[in-house]
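Derivation of every value follows stated rules applied to the coordinates shown; laboratory data play no part. All of these numbers come straight from a predicted model, not from anything done at the bench. Backbone-built Cβ (ideal geometry, glycine too); neighbour counts: all protein chains shown.
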Amino acid sequence: MWQHPRHHLFRKKRREKIKKETLELMMRLERKSSDSKFSWRDHWYPVSLVEDLDPSLPTPFQLLGRDLVLWFDKASQEWVAFDDKCPHRLAPLSEGRIDEKGHLQCSYHGWSFAGCGSCTKMPQALPEGPEARAAKSPRACATKFPTMVSQGLLFVWPDENGWERAQATKPPMLPDDFDKPEFSTVTIQRDLFYGYDTLMENVSDPSHIDFAHHKVTGRRERAKPLPFKLEASGPWGFAGANDGNPRISAKFVAPCYYMNKVEIDAKLPIVGDQKWKIWICSFNVPMAPGKTRSIVCSARNFFQLTMPGPAWWQVVPRWHEHWTSNKVYDGDMIVLQGQEKIFLSKSKEGSTDVNQNYTKLTFTPTQADRFVLAFRNWLRRHGNSQPEWFGYSDQQPLPSIILSKGQMLDRFEQHTQKCSSCKRAYTAFQTLQKILIGATVVFSATAGIPSDLQFRVFLAGLAILSAGLAYILHELGRNFVYVDYVHAEVE
């Protein structure tokens, strides 16, 4: 059928117009999406369990690559977070001390700061004139960040200019079950030498437990399909569950809060049907590229006798529960360090975002990986593929540090030094061990002195007993320092 040439020209112009309008619409949507994109710095981040902070000392911490110092202001009875640098000559305030007035004092030149950040002491300044007035200058003040304590956690808002937004925003909350008397709870924190996204991927993946934590919290023979379904998602995070027994519900609240709820229908011969419930709530705090703090708060309504708690019959100490928790961390550490290095090496191949190619780099055909894929999708679509670090201009993820096995599994630096319960227990173990070694020396030296044979045998027996107990304490004390982990040897 013949058509006039102008008709083809008209259709061509119409197609070009539609294409132009489509591109403009896409650009407007892109700008709108960009305007409302997720902001990493407009959130409360838990930086420590309050019970593990020492109010008599300043504590260093990194958040989104920014160095902070945490300290307790006696005047206001509040925990305070400063930028970890003295305004004088930029020395780290975390190397300072709490002075006689309860202020934070820099150990380089003795400048002191009140909880509000103002400089209260400048020893080098003359008592009168411009130098005396310099202490009142805004330039002499420490940079202060919003803080708050909620449910035993110290939260920091990482923007010193975000006070109004911080006051209008609630921190992430633990479930109500944590406050119920029928639930026993335990908390732990440990600094891990792999990235935020690697840890988030790990906590989004219940299917690894039966293998990575065999004979700790799982069993290889219990592994089975986990048909998870994603129920909701958005810039706020995502949520989903399965329909089996146990039923596992998961919820990710951006940027770093992940809740797992496990519900088990148990049938017991004496007490009958039971509804067991376990909460594993983890805060996965991005400290710096390749370094993350894991804060885990757990609760359950069964077997409370084996959990730490306030009741007189809950005799298991918190530090003993941490031995098991650290086995879990160790089992993951070996695997995740290797996984992260391989994954990040792909980011050097080409210029595309590695998160966009996640399903090409990995093979995830089962529904058990659904929450892992949901997190990677959230990170790509809403999180700019990685946290918004301070001080890193190229915004590219850095490879995890190459560590020896001893460094990877260093419980002492990663946990014991930062845990009030384990630190006290380790000190007690060390003290008792020294006493027993001393007793061994004394009993051994005096065993040959008495003329009575039975008394000499008794002293020799005490020497052997003391030496044996000292050795047992030494072996137990390793749980605070370093325990090797070889998956192949866990039968």
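Just name one of Ser451, Gly468, Phe480: the one whose Cα is farthest towards the positive end of the charge dipole of the range 422-489 (beta-carbon charges, Lys/Arg +1, Asp/Glu -1).
Sorting the options by dipole projection puts first Phe480.
Structure shown: which of Lys101/Lys327; Lys170/Lys360; Lys136/Lys291; Lys215/Lys346; Lys37/Lys346 lie over 31 Å apart, alpha-carbon to alpha-carbon?
Table pairs above 31 Å Cα-Cα are Lys101/Lys327; Lys170/Lys360; Lys136/Lys291; Lys215/Lys346.
As a footprinting exposure proxy, order Ser204, Ser39 by other Cβ within 10 Å, with the fewest listed first.
Ser39, Ser204
Between Asp42 and Gln407, what is the label-point separation in nm under the 7 Å Cα-to-beta-carbon projection?
Simple spin-label model gives 3.8 nm for this pair.
With axes computed from alpha carbons, what is the tilt in degrees of helix 420-446 against the longest principal axis of the chain, rounded to the nearest 10 within 0 to 90?
Result, in degrees: 30.
As I understand it, the value is the acute angle between the Cα axis of helix 370-381 and the longest principal axis of the Cα atoms of the chain; what does it come to in degrees, rounded to 10?
60 degrees
Within the range 284-384, report the GluC sites (Glu not before Pro) that DSSP leaves as loop and that have at most 12 other Cβ atoms within 10 Å.
Answer in residue order: Glu349.
About its Cα centre, what dipole magnitude does the chain give when the only charges are +1 on Lys and Arg Cβ and -1 on Asp and Glu Cβ, stated in debye to the nearest 20?
In debye, rounded to 20, the chain gives about 2140.
Return the sequence-ordered ³J(HN,Hα) values of the range 232-245 in whole Hz as given by the Karplus equation 6.51 cos²θ - 1.76 cosθ + 1.60 applied to θ = phi - 60°, using x for Gly and Pro.
7, 7, x, x, 6, x, 7, 8, x, 6, 10, 10, x, 10
Along the charge dipole of the chain, Cβ charges K/R +1 and D/E -1, which of Asn242, Met148, Leu409 sits furthest on the positive end?
After comparing all options, I get Asn242.
Over the chain, calculate the relative contact order: mean separation of alpha carbon pairs under 8 Å at least 6 apart, over the residue count, as a percent.
After rounding, I find 14 percent.
Mind checking the full-extension length gain between Glu128 and Val253? Use 0.36 nm per residue of separation minus the Cα-Cα distance, one decimal, nm.
Stretched fully, the Glu128-Val253 segment lengthens by 39.6 nm.
Can you find, among Gly162, Trp79, Thr59, the residue farthest towards the positive end of the dipole of the range 45-166? Put +1 on the C-beta of Lys and Arg, -1 on that of Asp and Glu.
Checked the options; the winner is Gly162.
So which of Lys144/Lys251; Lys229/Lys251; Lys341/Lys423 end up more than 21 Å apart by C-alpha?
Lys144/Lys251; Lys341/Lys423
Could you order peptides 440-448, 179-187 by the average number of other Cβ atoms within 10 Å of their residues, highest first?
Those peptides, ordered most packed to least, come out 179-187, 440-448.
Suppose every Lys and Arg Cβ carries +1 and every Asp and Glu Cβ carries -1, with no other charges. What dipole size does the range 45-166 come out with about its Cα centre, to the nearest 20 debye?
Computed about the Cα centre, the dipole is about 400 debye.
From the P(r) of the range 254-383, can you give the percent of Cα pairs sitting at distances over 16 Å?
More than 16 Å apart: 77 percent of the Cα pairs in the range 254-383.
Restricting to DSSP loop positions (anything but H, G, I, E, B) with no more than 13 other Cβ atoms inside 10 Å of their own Cβ, which trypsin sites (Lys or Arg not before Pro) remain in the range 151-245?
Filter output for the range 151-245: Lys215, Arg219.
Taking H as built 1.01 Å from N, whose amide H comes closer than 5 Å to the amide H of Lys121, not counting residues under 5 places away?
Residues meeting the criterion, in which the H sits 1.01 Å from N, are Ser112.
Going Cα to Cα from Lys434, which aspartates and glutamates come in below 15 Å? Please leave out same-chain ones fewer than 8 positions away.
Here the aspartates and glutamates satisfying the reach criterion relative to Lys434 are Glu475.
For every helix of n ≥ 4 consecutive DSSP H residues, a contribution of -39,500 (n - 2.57) applies; sum these over the chain, divide by its total residues, and give [θ] at 222 nm rounded to the nearest 500 deg cm²/dmol.
-10000 deg cm²/dmol
Tilt of helix 453-477 relative to the longest C-alpha principal axis of the chain, in degrees (0 to 90, nearest 10)?
The answer is roughly 10 degrees.
How big is the charge dipole of the range 422-489 about its Cα centre, in debye rounded to the nearest 20, if each Lys and Arg gets +1 on its Cβ and each Asp and Glu gets -1 on its Cβ?
280 debye
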